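The values are calculated or read from the model by the stated rules, or taken from the named source; none is laboratory data. Values in this document were obtained by computation on a predicted structure and should not be read as measured data. When we count neighbours, we look across all protein chains shown, and the Cβ atoms used for this are built from the backbone with ideal geometry, even at glycine. Side chains included, ligands, DNA and RNA excluded: accessible areas come from the protein's heavy atoms. Shrake-Rupley method; radii C 1.70, N 1.55, O 1.52, S 1.80 Å.
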Amino acid sequence: MQYKSQAVAMPYFIAAIGLFVGQIIFGLIMGLQYVVGDFLFPEIPFNVARMVHTNLLIVWLLFGFMGAAYYLVPEETETELYSPKLALILFWVFLVAGALTVLGYLFVPYATLAQATGNDLLATMGREFLEQPLPTKLGIVVVALAFLFNISMTMLKGRKTAISMVLLLGLWGLAIFFLFSFYNPHNLVKDKFYWWFVVHLWVEGVWELILAALLAFVLIKVTGVDREVIEKWLYVIITLALVTGIIGTGHHYYWIGAPEYWQWWGSIFSALEPIPFFAMTVFAFNMVNRRRREHPNKAAVLWALGTGVMAFLGAGVWGFLHTLAPVNFYTHGTQITAAHGHMAFYGAYVMVVITIISYAMPLLRGRAANSEKAQVLEMWSFWLMTIAMVFITLFLTAAGILQVWLQRVSDTPMSFMTAQDQVALFYWMREWAGVVFFIGLLTYLASFFVKGEAKAVAS
Amino acid sequence: MSGIFSKAMARNIFYGGTVFFFLLFLALVYDTERELPTRDNRQNLSAEVIAGKKIWETRNCIGCHSLLGEGAYFAPELGNVYPRRGPEFIKAWMQSQPTGAPGRRQMPNFHLSDEELDNLVAFLKYSSEINTANWPPNIEG
Ligand code: HEM
Ligand code: HEM
Ligand SMILES: [Fe+2]
């Protein structure tokens, strides 16, 4: 750690990991409800577990991004953070707001929660991923703006590198597109149309800038490859991402009442979206192969390479699988979507956050890398979680293909619930793969507590 | 990727490309807004439908169901439940939940009044009349 103020990243990383554990517990609850329908009913209905699962995911990834920015920006700009104190205050505000929101989901009926939190003033709740009560949404905006102020002020007084500029651009984009969550027209088609300005333009737009910047930062550090080379790659990747991804939004506009030309625009541009993810994989392997030093943190290198590969598989391959309009006509809103959503989120955003944590956490704890023993355990957790996620995806894909066949392609289509019964075996297997994922996650936690001979103190 | 292709060139292509495709996207969005009135069934956005949408949202139906294929995949698609089941079935269904059938997926009872049920049904009817380019493939959703 080169700058004192980088230390504020630590609580962000710890909170991220803690909430990740919560997310997975609720994932397992839902996975069981898929096959044992009355499990925990009426205490935790499926929709409540789902809100907790997905909102915890978003919140912990945001914690991860913020922590990453607090760690990265001082080092890139070669100056202390504008206000470490503000960063710490925001940490607590965000954590308390997040915890209260989750408790609200769990213990207050949703309609009551809506009424109590001003949804009658401005109705924004009850839409997928944007379920948060109005005060939480406003809180997110306030925290995001104060965070961006802090980071932007730091940038202004220091060195401006491509990596930090791209990161900042991504973070500003994240905040700006979130503003569409306040727009909820009565017209369902318009509601859905602009809802994707948050969801799609996040994960297939501005978040990709954050992803690429974080990956580039860690690759510079662990490979020692020339900054000029890495930053050129960075620009090429994000160019590809936005050129394909912005109009690629059209792959969500096929069947929601938008004009039918979106079937062409969406299919063509989103079919190209895998290219930047492929470039990221090539980039990561290329840089590691051309490395100028052997960084003692092997685990961080593994996570960085894994991010490239898994993001390409989850977003690129599984995205392409169902993105062409004639295919999507059959797969839209099935388990195929869930399969892709899981591997893409894991491969791209979960893994990049773990990459930066893996790289930065030992440094924040005063060593270049963890002990051999701790790293071996961390690498075990990498393989357990990653392989489990591959199997979750494969089982959901199998369930999805059968679902499409039985319910949508067949001349004598089955009803939704009958078709679900037919594929229950795959849901059971998904749940078992989920248990392995959870074991992997616990292994990851354990790796933080393993002692042993630490690698030399870092500069 | 070395030699003549410099970092500055890569950066300029990034900014230029992004601005160009973002503007193209905005143009398409603008055109979409002009076309929507012919497709989105806005002429039927009555006070009942608007109230029904709010009930839909504040009960978080989307946390189990999909609507026009978006949402959760735990329970049936409801974008076409109106033609599939009809208004009376939907109201009776809402009132008879949960089924309590052992091991079967459960839906809560939301204790909606008759008026609220009518609004909800109006919303589901309106949704089913949006021009979705013939999606879903069949009535099962
Ligand atoms: C890391 C990047 C990505 C993430 C995190 C991601 C995540 C998701 C998620 C969570 C959904 C479900 C949304 C919902 O609940 O309705 C979704 C839908 C979809 N994604 Fe991605 N995605 C990514 C990249 C891609 C790419 C590159 C493609 C295309 C090549 C793609 C194609 C699609 C399509 C076509 C759908 C709609 C599925 C449907 O019709 O039900 N995604 N994505
Ligand atoms: C133990 C492992 C997990 C299990 C059993 C699990 C289970 C589930 C279930 C049952 C759903 C709801 C599907 C539906 O709407 O019907 C869901 C949704 C979702 N989960 Fe997980 N999950 C797990 C891990 C994860 C992880 C690690 C991530 C992030 C990388 C994740 C991200 C998501 C997302 C983004 C959705 C919304 C998907 C969509 O709308 O397509 N889950 N999960
Ligand atoms: Fe998308």
- Give just the number: which of (1) in contact with a Lys or Arg (Cβ under 7 Å, 6 or more places away or on another chain); (2) away from ligand 1 (no atom under 16 Å from the Cβ) does residue A:195 not satisfy? (2)
- Item | Candidate set from the stretch B:66-107 (those that are in contact (Cβ under 8 Å) with a residue 60 or more places away in the chain and touching a helix residue (DSSP H, G or I) at 6+ places or on another chain (Cβ under 8 Å)); member that is nearest to ligand 3 (Cβ to nearest atom) | B:68
- Residue under evaluation residue A:273, criteria (1) charged (D, E, K, R); (2) facing chain B (nearest Cβ under 10 Å); (3) within 13 Å of ligand 3 (Cβ to nearest atom), criterion not met: (2)
- Query: Just one of the numbered conditions (1) within 16 Å of ligand 1 (Cβ to nearest atom); (2) among the small types (Gly, Ala, Ser); (3) not in a helix (DSSP H, G or I) is not true of residue A:27; which one?
  - Reply: (3)
- Message: Conditions first: (1) facing another protein chain (nearest Cβ under 9 Å); (2) in a loop (DSSP other than H, G, I, E, B). Residue B:57 passes all but one, so which condition is the exception?
- Response: (2)
- The condition of being closer than 30 Å to residue B:129 by Cα, assigned by TED's automatic domain parsing to the domain that holds residue A:285 and hydrophobic (A, V, I, L, M, F, W, C) holds, among A:238, A:246, only for A:246
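Yes or no, residue by residue, for (1) outside any loop (DSSP other than H, G, I, E, B); (2) more than 16 Å from ligand 1 (Cβ to nearest atom); (3) touching a His at 6+ places or on another chain (Cβ under 7 Å); (4) more than 17 Å from residue A:298 (Cα to Cα):
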{"position": "A:368", "(1), (2), (3), (4)": "no, yes, no, no"}
{"position": "A:381", "(1), (2), (3), (4)": "yes, yes, no, no"}
{"position": "A:391", "(1), (2), (3), (4)": "yes, yes, no, yes"}
{"position": "A:398", "(1), (2), (3), (4)": "yes, yes, no, yes"}
{"position": "A:417", "(1), (2), (3), (4)": "yes, yes, no, yes"}
{"position": "A:425", "(1), (2), (3), (4)": "yes, yes, no, yes"}
{"position": "A:431", "(1), (2), (3), (4)": "yes, yes, no, yes"}
{"position": "A:440", "(1), (2), (3), (4)": "yes, yes, no, yes"}
- Checking residue A:287 against (1) surrounded by 19 or more Cβ atoms within 10 Å (Cβ to Cβ); (2) among the aliphatic types (A, V, I, L, M); (3) under 24 Å from residue B:23 (Cβ atoms); (4) in the same structural domain as residue A:385 (by TED's automatic domain parsing), which single condition isn't satisfied? (3)
- Message: Checking residue A:63 against (1) in contact with a Cys (Cβ under 7 Å, 6 or more places away or on another chain); (2) open to solvent by less than 10 Å² (accessible area, probe 1.4 Å): exactly one of these is not met. Which one?
- Response: (1)
- Task: Answer yes if at least one residue in the stretch A:224-242 is within 12 Å of ligand 1 (Cβ to nearest atom) and open to solvent by less than 10 Å² (accessible area, probe 1.4 Å), and no otherwise.
- Result: yes
- Has the stretch A:347-364 got any residue that is away from chain B (no Cβ under 14 Å), open to solvent by 10 Å² or more (accessible area, probe 1.4 Å) and within 16 Å of ligand 1 (Cβ to nearest atom)? no
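Condition check ((1) in a helix (DSSP H, G or I); (2) surrounded by fewer than 22 Cβ atoms within 10 Å (Cβ to Cβ); (3) within 16 Å of ligand 1 (Cβ to nearest atom); (4) among the small types (Gly, Ala, Ser)) across all residues:
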| site | (1), (2), (3), (4) |
| --- | --- |
| B:82 | yes, yes, no, no |
| B:89 | yes, yes, no, no |
| B:102 | no, yes, no, no |
| B:108 | no, yes, no, no |
| B:111 | no, yes, no, no |
| B:115 | yes, yes, no, no |
| B:134 | no, yes, yes, no |
| B:138 | no, yes, no, no |
- Item | Residue count for the stretch B:1-35, restricted to those that are under 22 Å from the mean Cα position of the chain (by Cα) and either at the interface with another protein chain (Cβ under 7 Å from one of its Cβ atoms) or surrounded by 18 or more Cβ atoms within 10 Å (Cβ to Cβ) (or both) | 4
- Query: Within the set of pairs 6+ apart or on separate chains, which have a first residue in the stretch B:36-49 that is within 8 Å of chain A (Cβ to nearest Cβ), a second that is aromatic (Phe, Trp, Tyr), and C-beta atoms under 8 Å apart?
  - Reply: B:41/B:126; B:45/B:126; B:49/B:123; B:49/B:126
- Message: Six or more apart or on different chains, Cβ atoms under 7 Å: show the pairs whose first residue is in the stretch A:270-290 and modelled with pLDDT of 95 or more and among the acidic types (Asp, Glu) and whose second is within 10 Å of ligand 1 (Cβ to nearest atom) and assigned to a helix (DSSP H, G or I).
- Response: A:273/A:204; A:273/A:244; A:273/A:245; A:273/A:248; A:273/A:319
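Here's the yes/no breakdown for (1) of a type in the set (A, V, I, L, M, F, W, C); (2) under 18 Å from the mean Cα position of the chain (by Cα); (3) within 16 Å of ligand 3 (Cβ to nearest atom):
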| position | (1), (2), (3) |
| --- | --- |
| A:324 | yes, no, yes |
| A:328 | no, no, yes |
| A:342 | no, yes, yes |
| A:345 | yes, yes, yes |
| A:377 | yes, no, no |
| A:385 | yes, yes, no |
| A:389 | yes, yes, no |
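Residue-by-condition table, conditions (1) of a type in the set (S, T, N, Q); (2) modelled with pLDDT of 95 or more; (3) open to solvent by 50 Å² or more (accessible area, probe 1.4 Å):
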position	(1), (2), (3)
A:404	no, yes, no
A:417	no, yes, no
A:428	no, yes, yes
A:434	no, yes, no
A:437	no, yes, no
A:440	no, yes, no
A:444	no, yes, no
A:448	no, yes, no
A:458	no, no, no
- Condition check for residue A:296: more than 14 Å from ligand 3 (Cβ to nearest atom) and more than 14 Å from every other protein chain (Cβ to nearest Cβ): yes
- Message: Show the residue pairs meeting these rules: Cβ distance below 6 Å; 6+ apart or different chains; first residue within the stretch A:310-331 and more than 21 Å from residue A:215 (Cα to Cα) and within 14 Å of another protein chain (Cβ to nearest Cβ); second residue of a type in the set (D, E, K, R) and away from ligand 3 (no atom under 16 Å from the Cβ).
- Response: A:330/A:408
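Report yes if residue A:408 is within 14 Å of chain B (Cβ to nearest Cβ), basic (Lys, Arg) and open to solvent by 10 Å² or more (accessible area, probe 1.4 Å), otherwise no. Let's see the steps before the verdict.
On the way: within 14 Å of chain B (Cβ to nearest Cβ): yes; basic (Lys, Arg): yes; open to solvent by 10 Å² or more (accessible area, probe 1.4 Å): yes.
Yes, satisfied.
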